Amino acid sequence: MTSMHGSVPSVDSLSGQSVLGGGASRLRRAGPSVSFGDERHQTAHRWLVDEAWLLDLQSYDEWLALLTDDIHYLMPVRVTTALGAGYDTSPGMAHFDEDKYSLSRRVARFQTEHAWTEDPPSRLRHHLSNVRTFATEDADHLVVESATLLFRSRGDVREGSLVSAGREDLLRRTPEGWKLARRTILVDDSVIRMQNLAIFL
Amino acid sequence: MADTDAGQAAVLDAVRRGMIPAHIYNDREVFELEKKRLFSRAWLFVGHESEIPQAGDYVVRRVLEDSFIIARDEAGEVRAHFNMCLHRGMQVCRAEMGNASHFRCPYHGWSYRNDGRLVGLPFHRDAYGGEAGFPRQGQRLLPAPSLASYNGLIFVSLDPAAPPLEEFLGDFRFYLDFYTQQSSGGIELRGPQRWRVKANWKIGAENFAGDMYHTPQTHTSVVEIGLFREPKAEKRKDGCTYWAGAGGGTTYKLPAGDFDERMRYVGYPQEMIDRIKAQWTPEQQRVVGEDGFMISAASIYPNLSFVHNWPRVGESDDVLPFISIRQWQPISEDETEVLSWFAVDAQAPEEFKALSYKAYLMCFGSTGMFEQDDVENWVSLTNTAAGSMARRLLLNSRMGMLPDGSGVVPALTPDQFSGPGTAYVGYGEYNQRELLNRWADDMERPVPATGPATGAGDAPSAVAAAPDPAAPVAEAVGQA
Ligand code: FES
Ligand SMILES: [Fe+2]
């Protein structure tokens, strides 16, 4: 990926830099995005749309079942740095830096009767856009990029809050269907404007 | 803060009785007075030396609305300068962190070395008459009025006459070592995660200072999922709270064992325990080894907090400790920016650092499973404190105190608790009252007005430069 921030590490290298990302697949995209009519793109796009509905409904058991056992789920802390500084994520610090175990604990907590931050539950809407799909050198893996905008509303009169982010996902074909093997979330805020991240992106 | 001085006195009076007027958690006038009388003179945390290890490293941090560049200059010294150009007031540095030998103002191009000194003015000769017309020497970005560090923690105070930092911290320094000096290498900080919550800044500071009572209720879920084995109600009330100097905190009572066994119980590997023993005084070690208390959360007045916990980080039953340092940065009466850092002993093994970081992320910070439920409570409280009914309500913050002001339980004796200050076993709001009593003292004490300053000020941390009485704009920082 090239951008204005030409010297910033590309999104698909961030997982490998995390001290907790060691177990994840390092497969990267190969070539330009595939056409929107390509079956691989349609598969990946549909997967993301289905996932967005699961997350809106907080159907977290079903969501967890869509993640591979070696998943790395990473959301670095973004920082404002000078153009040319060479990085725009906080060295060694993330909001989420998760494996299957820590994600399963988060899901298990929501399912207790004492996760007060989600009782009463938030109303969530994950808006998904800008989806594009890339082949990898392995036919059973696809890289998918997307933008997500989460609107979260709590209570009756509190103002809703938003999180905007880009995501780079690695999808893997398994006997049980396509699963998420790696996700890197590039949140667009340096200072998060949500009371907590008791949500998934 | 109240319509009359008498109204204000009544508020402070009630606070000192442990009956807290609910509106102080969401009241614009109270916040204005806090800015004027509290944040204008308190020692406030702005970062840790490990965040700027190399010459030229800098972070930009705020003290309320004021932005400061915290930099390590070429000589290795830590500097804190107000991030405003001496010329027309542009923000000189607009990044949050980085490395630079100079900062060039984007507006007209004045440039400053990372020690704050003005070194370049475009068209100096044509526009100002050169060195004779406007000498650069002695001109520097406005330094923080007071700057000091302890165990690598960097503090600034907007009061040039602030008491020395160590004097301010007082006996809390004894407890600070538990978090920040586990070896001769000190700690390294990562982060911060930053996020904004619609909650008053005092609530978090009070909670971390002494609220053991909320743990069994608020944090039930993290015990249910096996993340944390300690906060069952019967466990938490066996801990003690302590207050010493500028801060206080909470502890857990550990099962029987000596120092090594108890440190291993919370997950420290033996090599770290050996370094800790070489670092902590016998009294510090006795708090754990003999008295059986392990430090957990704490706050330094007004808005800096610490936490030390030991969750499970994988399928096995092993636990692993982590440390977080956080600041409750006030944005307004009903909004706080939380800055939450992960801290770890610089000499810890890499594997420990990685797992301790994982433990932190699971428990605290923007995604932490403890933190999520805390914030929900604080937002709700703040929201409820805004109206007229809240002005009639005095919240009960008298836990641990009988009607005559004496304690429900006696303070621990030096035989029972080896640390300085005053400690009590069990649930109580001693520390919340200590914090708010200091708050009341500050709120009552007027602050003398501060006169204008220029880039030629002579604040204590200024670089020595030849005085130039001829400098036309030179003016000492002074009292109006
Ligand atoms: S405002 Fe900075 S150079 Fe003019
Ligand atoms: Fe808590």
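The values are calculated or read from the model by the stated rules, or taken from the named source; none is laboratory data. Fair warning: this is a prediction, and the values are worked out from it, not measured in the lab. When we count neighbours, we look across all protein chains shown, and the Cβ atoms used for this are built from the backbone with ideal geometry, even at glycine.
Just to be sure I understand, how many residues within segment A:148-172 are more than 10 Å from chain B (Cβ to nearest Cβ) and in contact with a helix residue (DSSP H, G or I) (Cβ under 9 Å, 6 or more places away or on another chain)? Counting residues in segment A:148-172 that are more than 10 Å from chain B (Cβ to nearest Cβ) and in contact with a helix residue (DSSP H, G or I) (Cβ under 9 Å, 6 or more places away or on another chain) gives 8. The lone criterion from (1) free of Cβ contacts under 8 Å to residues at least 60 places away in the same chain; (2) surrounded by 13 or more Cβ atoms within 10 Å (Cβ to Cβ); (3) not charged (D, E, K, R) left unmet by A:GLY92 is number (1). The single condition among (1) assigned to a helix (DSSP H, G or I); (2) at pLDDT below 95; (3) within 16 Å of ligand 2 (Cβ to nearest atom) that B:ILE203 does not meet is (2).
In segment A:40-60, the residue that is nearest to the other protein chains (Cβ to nearest Cβ) out of those that are more than 14 Å from the chain's Cα centre (by Cα) and either assigned to a strand (DSSP E or B) or of a type in the set (Phe, Trp, Tyr) (or both) is A:TYR60.
Restricting attention to segment B:178-188, the residues that are within 14 Å of another protein chain (Cβ to nearest Cβ) and surrounded by 24 or more Cβ atoms within 10 Å (Cβ to Cβ) add up to 1. I'm checking my understanding of the structure. Among residues of segment B:74-112 that are more than 8 Å from ligand 1 (Cβ to nearest atom) and among the aliphatic types (A, V, I, L, M), which one is farthest from B:GLY152 (Cα to Cα)? The selected residue is B:MET84.
In segment B:189-214, the qualifying residues are those that are at the interface with chain A (Cβ under 9 Å from one of its Cβ atoms) and closer than 12 Å to B:VAL375 by Cα, and the one that is surrounded by the fewest Cβ atoms within 10 Å (Cβ to Cβ) is B:ARG196. The residues on offer are B:ARG79, B:ARG62, B:ARG88, B:ARG125, and the sole one that is more than 16 Å from ligand 2 (Cβ to nearest atom), outside the structural domain of B:VAL344 (by TED's automatic domain parsing) and part of a helix (DSSP H, G or I) is B:ARG125.
Conditions tested, residue by residue: (1) more than 30 Å from B:GLU333 (Cβ to Cβ); (2) away from ligand 2 (no atom under 16 Å from the Cβ); (3) not assigned by TED's automatic domain parsing to the domain that holds B:ASP374.
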| position | (1), (2), (3) |
| --- | --- |
| B:GLY130 | yes, yes, yes |
| B:PHE134 | yes, yes, yes |
| B:GLN139 | yes, yes, yes |
| B:ALA144 | no, yes, yes |
| B:ALA161 | no, yes, yes |
| B:SER184 | yes, yes, no |
| B:VAL197 | no, no, no |
| B:HIS214 | no, no, no |
| B:GLN217 | no, no, no |
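Go through the residues of segment B:358-366 one by one and say whether even a single one is more than 13 Å from every other protein chain (Cβ to nearest Cβ) and closer than 30 Å to A:ASP69 by Cβ. No, every residue in segment B:358-366 fails to be more than 13 Å from every other protein chain (Cβ to nearest Cβ) and closer than 30 Å to A:ASP69 by Cβ. Against the numbered list (1) within 16 Å of ligand 2 (Cβ to nearest atom); (2) within 27 Å of B:LYS353 (Cβ to Cβ), B:GLY257 comes up short only at (1). Hey, among the residues in segment B:335-360 that are among the charged types (D, E, K, R) and not in a helix (DSSP H, G or I), which one's surrounded by the most Cβ atoms within 10 Å (Cβ to Cβ)? Applying the filter and picking the extreme gives B:ASP345. How many residues does segment B:264-293 hold that are within 13 Å of B:PRO349 (Cα to Cα) and in contact (Cβ under 8 Å) with a residue 60 or more places away in the chain? The number of residues fulfilling the criteria is 4. Of everything in segment A:16-46, what is in contact with an Asp or Glu (Cβ under 9 Å, 6 or more places away or on another chain) and under 18 Å from A:LEU171 (Cβ atoms)? Give them in sequence order. Scanning segment A:16-46 gives A:GLY21, A:GLY23, A:ALA24, A:SER25, A:ARG26, A:LEU27, A:ARG28, A:ARG29, A:ALA30, A:SER33, A:ALA44. Of the helices (runs of 4 or more DSSP H) contained entirely in segment B:215-303, those carrying at least 3 residues that are within 14 Å of chain A (Cβ to nearest Cβ) fall at B:215-218, B:220-224.
Once segment A:61-112 is narrowed to residues that are of a type in the set (Lys, Arg) and touching a strand residue (DSSP E or B) at 6+ places or on another chain (Cβ under 8 Å), the residue that is nearest to the other protein chains (Cβ to nearest Cβ) is A:ARG106.
Checked against (1) away from chain A (no Cβ under 14 Å); (2) closer than 30 Å to A:SER190 by Cα, B:GLU131 passes all but condition (2). Take the residues in segment A:177-201 that are assigned to a strand (DSSP E or B) and under 22 Å from A:THR81 (Cα atoms), then tell me which one is nearest to the other protein chains (Cβ to nearest Cβ). Residue satisfying both the conditions and the ranking: A:ILE192.
Scanning segment B:171-200 for residues that are of a type in the set (D, E, K, R) and either within 19 Å of B:ALA22 (Cα to Cα) or assigned to a helix (DSSP H, G or I) (or both), which turns out farthest from ligand 1 (Cβ to nearest atom)? Here the residue is B:ASP177. For segment B:365-374, the set of residues classified as on the phi < 0 side of the Ramachandran plot and more than 9 Å from ligand 2 (Cβ to nearest atom) consists of B:SER366, B:THR367, B:GLY368, B:MET369, B:GLN372, listed by residue number. Could you tell me which residue of segment B:361-400 is nearest to ligand 1 (Cβ to nearest atom), considering only residues that are in a helix (DSSP H, G or I) and of a type in the set (D, E, K, R)? Filtering first and then ranking leaves B:GLU371.
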